[in-house]
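Presented below is the structure to which this report refers.
The values are calculated or read from the model by the stated rules, or taken from the named source; none is laboratory data. Fair warning: this is a prediction, and the values are worked out from it, not measured in the lab. Every residue, glycine among them, receives a Cβ derived from its backbone with ideal geometry; neighbour counts consider all protein chains shown. Side chains included, ligands, DNA and RNA excluded: accessible areas come from the protein's heavy atoms. Shrake-Rupley method; radii C 1.70, N 1.55, O 1.52, S 1.80 Å.
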Amino acid sequence: VLLQAFGGGLVQAGGSLRLSCAASGRTFSNAAMGWFRQAPGKEREFVAAINWSGDSTAYADSVKGRFTISRDNAKNTVYLQMNSLKPEDTAVYYCAASFVISWPIREYEYDYWGQGTQITVSS
């Protein structure tokens, strides 16, 4: 499975960005999808997850109410809409897919990872 993340960049605090992650190689609609991030000097952390159908989502407390995960199975793509961005959101963001766990929120529950895209939020 190949996962390619797009949409990273530099944004001012309070601004918005939308990340996309395009999947290929397996039936996308069979996978739960997630977003993680890794800030400099820190471990990679969970951001958001969505189940295969898109009707269930989960968020880290730090992004709840500001970020929205969604998916379009017809386009084999998962999105992360990020609003009210803060400098502490600065990190490399990774998308991931799990074909085994229906509700994965831990890093080890994911089978495939994208290459990461940098988000920098300036104050």
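Take the stretch 23-50 and flag every residue that is more than 11 Å from the chain's Cα centre (by Cα) and either among the hydrophobic types (A, V, I, L, M, F, W, C) or closer than 25 Å to S84 by Cβ (or both). A23, F28, A31, A32, Q38, A39, P40, G41, K42, E43, R44 - these are the residues of the stretch 23-50 that are more than 11 Å from the chain's Cα centre (by Cα) and either among the hydrophobic types (A, V, I, L, M, F, W, C) or closer than 25 Å to S84 by Cβ (or both).
Pairs linking a residue in the stretch 100-123 that is closer than 20 Å to A60 by Cα and open to solvent by less than 20 Å² (accessible area, probe 1.4 Å) to a residue that is charged (D, E, K, R) and in a strand (DSSP E or B), with Cβ atoms under 9 Å and 6 or more positions apart or on different chains, are G116/R37; I119/R37.
Could you pull out the residue among F6, F46 that is at pLDDT 95 or above and either closer than 21 Å to I119 by Cβ or buried (at least 16 other Cβ atoms within 10 Å of the Cβ) (or both)? Break it down into steps so the answer makes sense when it comes.
Working: F6 fails: at pLDDT 95 or above.
It is F46.
The set of residues in the stretch 19-28 that are surrounded by fewer than 14 Cβ atoms within 10 Å (Cβ to Cβ) and in contact (Cβ under 8 Å) with a residue 24 or more places away in the chain comprises S24, G25. Contact map, the stretch 54-75: first residue within 23 Å of A13 (Cα to Cα) and assigned to a strand (DSSP E or B), second residue at pLDDT 95 or above and of a type in the set (D, E), Cβ cut-off under 9 Å, separation 6 or more or different chains; pairs are F67/D89. Restricting to the stretch 76-98, give me the number of residues that are out of contact with any Phe, Trp or Tyr (no Cβ under 8 Å at 6 or more places or on another chain), open to solvent by 20 Å² or more (accessible area, probe 1.4 Å) and in a loop (DSSP other than H, G, I, E, B). Here the count works out to 3.
Residues satisfying the criterion are absent from the stretch 27-40 (criterion: on the phi > 0 side of the Ramachandran plot, in a loop (DSSP other than H, G, I, E, B) and out of contact with any Lys or Arg (no Cβ under 9 Å at 6 or more places or on another chain)).
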